[in-house]
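The values are calculated or read from the model by the stated rules, or taken from the named source; none is laboratory data. Since we're looking at a predicted model, the values are computed, not measured. Counting neighbours? That spans all protein chains shown, and the Cβs are built from the backbone with ideal geometry, glycine included. We work out accessible area using only protein heavy atoms, side chains counted, and drop any ligands, DNA or RNA first. Shrake-Rupley method; radii C 1.70, N 1.55, O 1.52, S 1.80 Å.
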Amino acid sequence: MAIVRLRAPLKNLAGGNREVTIDGASVGEVLQELERQYPRIEGWVLDEHGRVRRHVNVFVNGERVREDAAVASDATVHVLPSISGGER
Amino acid sequence: MTELLVGTKKGLFVLRGDAGAEKPFDVAARAFPGNVVEFAIRDPRSGRYLASVTSGHFGPRVMHTMDPTGEWEPTTGLGYPEGSDWSLERIWAIKPGEADGLMYAGVAPAGLFTSADGGMNWDLNRALYDQPTRSSWQPGAGGLCLHSIATWPEDPSRLAIGISAVGVWLSEDGGESWRHGNEGLVPRYIPEDAREGTIDLCVHNMHRAPLRPERLFMQFHGGVYRSDDAGESWISIAEGLPADFGFPMAIDPADPDSAFVIPMNSDGDRVTVDGRARVYGTRDAGESWTSLSDGLPQEEAYLTILRQAFAAEGDGSGMGLYFGATSGDVFGSGDAGASWFTVHERLAPVNSVRVG
C-alpha cells in the first residue's frame, strides 16, 4: 500500500493523520480511496469530476503527477497545496 | 446584542455588539482564515449557521455549525454531475425555503441547488441546469452567478431567481420548470438593435416584499426596478437616485413599499457617488428616494459595496441596516437608516453581511 502524506488542512480532515496508507494502482484510485476512508476530504483534492484540483499538487516518489499516474505499492504520495493557489 | 456574519476575502468575521451603543462591535470569532467567505447566514428555523467558503487550493464548499465561534463541518452534494462541462466555482447565496428543512444555494457557474435537510446535503436543480440556452449564458464581471433567490411566503412552489447575466427566472412548481421574467428590463450595455429578446440581462440583486409577494424590487446593472406582477414585468423606479448603478439592496419586510439601495457611479467606476457613502431609501415603492447618510463618511469615501454586503434586521423605524465595503469597513444603523455608526473598521474586503 502507498504511503500518503498530508499537510494541513487535509491532515485535519483525515483525523489529524499526517500519514496514511492507502491502496490504489493510480493517483486517482488512491485519492478516491482516501476520500472513502476519510469522507471529510471529499471534494477537497478531487473536484466533482474526479480530477485533481488545479491548485493542488500530487507528487509520487518526488515526481509531480496528475490523477492518471501509476502508483506502486511501495510509493510515497505527497498531497499539498500548490504555490499557484491561495488568495492574495 | 446583534450578531453580524461578515464574509470577507480573508475569512468570516463574527461581530457582536449593540446597535444602540454606537461603538464598534467586537470580533467574537474569525473563521476560515486565508479562505474567501462569499456568504454566511444563520437559519432562524434551526439555529444552524451555513457559510460559503472558497479555498484557492481546495475549491468551494458550504460549511455548517451550530456555534460560529467553534468548529465547522463540510456539507455534501454541491457540485455539477459527472460528465458536466461545468465545475463548481463559487457559492453565492444560501437561502431558507418555505418548507421544513428546505434550503437553496445559488452558485457559479449559474445553478440552483436545493437541500431538504437544512443544508447538510444538496442536490442540483435539473430543470434549470437542463435549459437549452445554458451553453450561451454570458457571465457578468463577477462570473456567471445565481445570486438572488426570492421565495414566496408559505408557498414553496413559487420562486424567482436572479442570474448575472441571464436575467430573472420564475417557477410556479417548486423549480420543476422555469421561464423568463424579463419584460421591461433595459440592458443599456447592449446596442439598442440587439436588445429585443436578449437574455443577457445582468441582474445585480432582487428582493421580494413578503407582505405583498407579487412585488419585487431589483438593482440592475444600470437601473433600479419594481415588479408588481411577481416578476413578469418590470418598471423603472430609478428617478431621484444620484446614480442607478449599484449592487446590493435591502427591504423592510413589514413595508412592501420599501427598498434601500447604495448607488455607485457607474459600471466603469464602481464607487459611491461623489465620494460620499449614502444609502437611499424609498417608502413609496420608488416614487421618491431619501438620502440616508447621517453618520456615514461624506468626504473622500470611495467605497464599493458588493451585492451580498447589505443586510436588514427587524422592521419598521427600529430596523437594523448593515453594510460592508471592500475597504474592510462595516457600517450599521439601528433606526432604519436615519443615523449610522461604524460597526468595525479595517477588516478584509467584505463580500457579504448578514445578521446572525
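Of all residues in segment B:89-101, how many are more than 14 Å from chain A (Cβ to nearest Cβ) and open to solvent by less than 30 Å² (accessible area, probe 1.4 Å)?
5
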Within the bounds of segment B:29-52, is there any residue that is under 19 Å from residue A:40 (Cα atoms), within 11 Å of chain A (Cβ to nearest Cβ) and hydroxyl-bearing (Ser, Thr, Tyr)?
no
Could you list, in sequence order, the residues of segment B:53-84 that are outside any loop (DSSP other than H, G, I, E, B) and either under 14 Å from residue A:40 (Cα atoms) or not hydroxyl-bearing (Ser, Thr, Tyr) (or both)?
B:53, B:59, B:60, B:61, B:62, B:63, B:64, B:73, B:74, B:76
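Could you tell me whether residue B:259 is of a type in the set (A, V, I, L, M) and surrounded by 23 or more Cβ atoms within 10 Å (Cβ to Cβ)?
yes
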Just to be sure, is residue B:79 free of Cβ contacts under 8 Å to residues at least 60 places away in the same chain and surrounded by fewer than 19 Cβ atoms within 10 Å (Cβ to Cβ)?
no
Of the numbered conditions (1) among the small types (Gly, Ala, Ser); (2) in contact with a helix residue (DSSP H, G or I) (Cβ under 6 Å, 6 or more places away or on another chain); (3) more than 29 Å from residue B:229 (Cβ to Cβ), residue B:177 satisfies every one except a single condition; which is it?
(3)
What do you reckon, is residue B:2 within 19 Å of residue B:308 (Cβ to Cβ) and touching a helix residue (DSSP H, G or I) at 6+ places or on another chain (Cβ under 6 Å)?
yes
Residues satisfying the stated conditions in segment B:53-71, i.e. within 11 Å of chain A (Cβ to nearest Cβ) and more than 20 Å from the chain's Cα centre (by Cα)
B:55, B:56, B:57, B:58, B:59, B:71
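Right, residue A:41: within 12 Å of chain B (Cβ to nearest Cβ) and open to solvent by 70 Å² or more (accessible area, probe 1.4 Å) or not?
Values: within 12 Å of chain B (Cβ to nearest Cβ): yes; open to solvent by 70 Å² or more (accessible area, probe 1.4 Å): no.
No, not satisfied.
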Determine whether segment B:142-159 contains at least one residue that is open to solvent by 60 Å² or more (accessible area, probe 1.4 Å), touching a helix residue (DSSP H, G or I) at 6+ places or on another chain (Cβ under 9 Å) and outside any strand (DSSP E or B).
no
Got at least one residue in segment B:13-26 being at the interface with chain A (Cβ under 10 Å from one of its Cβ atoms) and of a type in the set (Gly, Ala, Ser)?
no
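Restricting to segment B:167-220, give me the number of residues that are touching a His at 6+ places or on another chain (Cβ under 9 Å) and crowded, with 21+ Cβ neighbours inside 10 Å.
Applying the first criterion (touching a His at 6+ places or on another chain (Cβ under 9 Å)) to segment B:167-220 yields B:167-170, B:187-189, B:199, B:201-206, B:216-220.
Next cut, crowded, with 21+ Cβ neighbours inside 10 Å only: B:167-169, B:187, B:201-206, B:216-220.
Residues flagged as touching a His at 6+ places or on another chain (Cβ under 9 Å) and crowded, with 21+ Cβ neighbours inside 10 Å within segment B:167-220 amount to 15.
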Could you list, in sequence order, all residues of segment B:1-12 that are modelled with pLDDT of 95 or more and closer than 27 Å to residue B:317 by Cα?
B:2, B:3, B:4, B:5, B:6, B:7
Can you confirm whether residue B:229 is in contact with a helix residue (DSSP H, G or I) (Cβ under 9 Å, 6 or more places away or on another chain) and charged (D, E, K, R)?
no
Specify the residue that is farthest from the other protein chains (Cβ to nearest Cβ); the eligible residues are those in segment B:1-12 that are aliphatic (A, V, I, L, M) and under 22 Å from the mean Cα position of the chain (by Cα).
B:4
Looking for whichever is among the polar types (S, T, N, Q) and modelled with pLDDT of 95 or more here; the options are B:266, B:236. Which one fits?
B:236
Which of (1) aromatic (Phe, Trp, Tyr); (2) within 13 Å of another protein chain (Cβ to nearest Cβ); (3) crowded, with 20+ Cβ neighbours inside 10 Å is the odd one out, the single condition residue B:86 does not satisfy?
(3)
Restrict the check to segment B:128-136 and report whether at least one residue is within 29 Å of residue A:40 (Cα to Cα), more than 16 Å from the chain's Cα centre (by Cα), within 14 Å of chain A (Cβ to nearest Cβ) and open to solvent by 20 Å² or more (accessible area, probe 1.4 Å).
yes
Go through segment B:235-256 and report how many residues are assigned to a strand (DSSP E or B) and surrounded by 19 or more Cβ atoms within 10 Å (Cβ to Cβ).
3
Which of the residues spanning segment B:1-28 are open to solvent by less than 50 Å² (accessible area, probe 1.4 Å), in contact (Cβ under 8 Å) with a residue 60 or more places away in the chain and assigned to a strand (DSSP E or B)?
B:2, B:3, B:4, B:5, B:6, B:7, B:8, B:11, B:13, B:14, B:15, B:17
For residue B:159, indicate whether it is farther than 21 Å from residue B:204 by Cα and in contact with a Leu (Cβ under 9 Å, 6 or more places away or on another chain).
no
Hits in segment A:1-37 (condition: within 14 Å of chain B (Cβ to nearest Cβ) and either within 20 Å of residue A:73 (Cα to Cα) or open to solvent by less than 20 Å² (accessible area, probe 1.4 Å) (or both))
A:6, A:10, A:13, A:14, A:28, A:31, A:32, A:34, A:35, A:36
